[in-house]
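Take a look at the structure set out below.
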Amino acid sequence: MSSGIVGILLAAGASSRFGGNKLLYPLDTGMAVGAAAARRLVAVIADSLAVVKPDDDVLPPLLAAQGLSIVVNDRAGEGLGTSLACGVAAAPQAKGWVIGLADMPLIQAATIELVVNRLCNGAAIVAPVYHGRRGHPVGFSERFFSRLTHLQTDQGARDLLEQHADILDLVEVDDRGILMDLDCRDGNAVIQTTRKP
């Protein structure tokens with residue numbers, strides 16, 4: 001049902017606050033955080049890829065096992081924006097991209113489907129909202145290819161969303177998972193509610 005939409009899972013972070021690769025941390029199901037996020041994305045968008053850092057030998061096979069293509073971002077250390085740019089550049093023929101974060105494994109498939117459907121129906125930018133708070137994943141139409149592939153900063157696409165707030169299609173969802181990621185608090189791994197637009 002993706003109709004030319006490509007899923008992009010950003011999985012090249014340093015996990016500096018976590019003290020290790022948080023994407024390998026097991027959830028209650030026993031599945032690693034990154035693999036769980038990958039499974040949710042590819043279940044809706046079969047044509048999905050994961051952007052990883054060049055020195056990671058463990059995570060890429062786990063993501064590939066979920067059905068994602070692997071793209072290595074040699075500039076991962078320069079920030080999230082370079083990974084987003086790398087992922088979009090790897091799928092230049094797409095009609096749009098749905099950008100997910102690999103440390104957010106609790107997003108419902110129905111939410112991803114809503115974002116895809118809005119893109120397929122002509123939306124330029126789409127983001128889910130839970131109780132007034134914008135979350136992930138975020139969808140971009142093909143018109144933003146050039147802007148996305150030139151992202152540089154660690155802000156990701158935040159500035160782009162703010163600049164085009166007038167055409168941002170906000171979709172209210174009953175899905176707290178769009179705001180929840182794995183982080184580190186007082187040395188312990190926790191799934192927490194956050195906002196990383």
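Available extension along the chain between ASP174 and ARG75 is 32.1 nm, counting 0.36 nm per residue and deducting the alpha carbon span. Mean separation of Cα pairs under 8 Å and 6 or more residues apart, divided by the residue count, gives segment 5-193 a relative contact order of 25 percent.
Projecting label points 7 angstrom from Cα along Cα→Cβ for ASP47 and ALA110 puts them 2.7 nm apart. Residue exposure proxy: MET180, MET104, MET31, ordered by other Cβ atoms within 10 angstrom of their Cβ from fewest to most, comes out as MET31, MET180, MET104. Amide H contacts for VAL72 (H built 1.01 Å from N in the peptide plane; partners 5 or more residues away or on another chain; cut-off under 5 Å): VAL52. Stretching the chain fully between ASP28 and GLN93 yields a gain of 19.6 nm (0.36 nm per residue, less the alpha carbon separation). Each label point was placed 7 Å from the Cα along the Cα-to-Cβ direction; for ASP55 and ARG133 their separation is 3.3 nm. Per-peptide packing, taken as the mean over residues of other Cβ atoms within 10 Å, places 83-89, 148-154, 107-113 in the sequence 83-89, 107-113, 148-154 from highest down.
Every read-out reported here was derived from the displayed coordinates using simple, explicitly stated rules and does not represent laboratory data. As the structure is a computational prediction, the values presented were derived from the model and not from experiment. In this analysis, Cβ positions are derived from the backbone assuming ideal geometry, glycine residues included, and neighbour counts consider all displayed protein chains.
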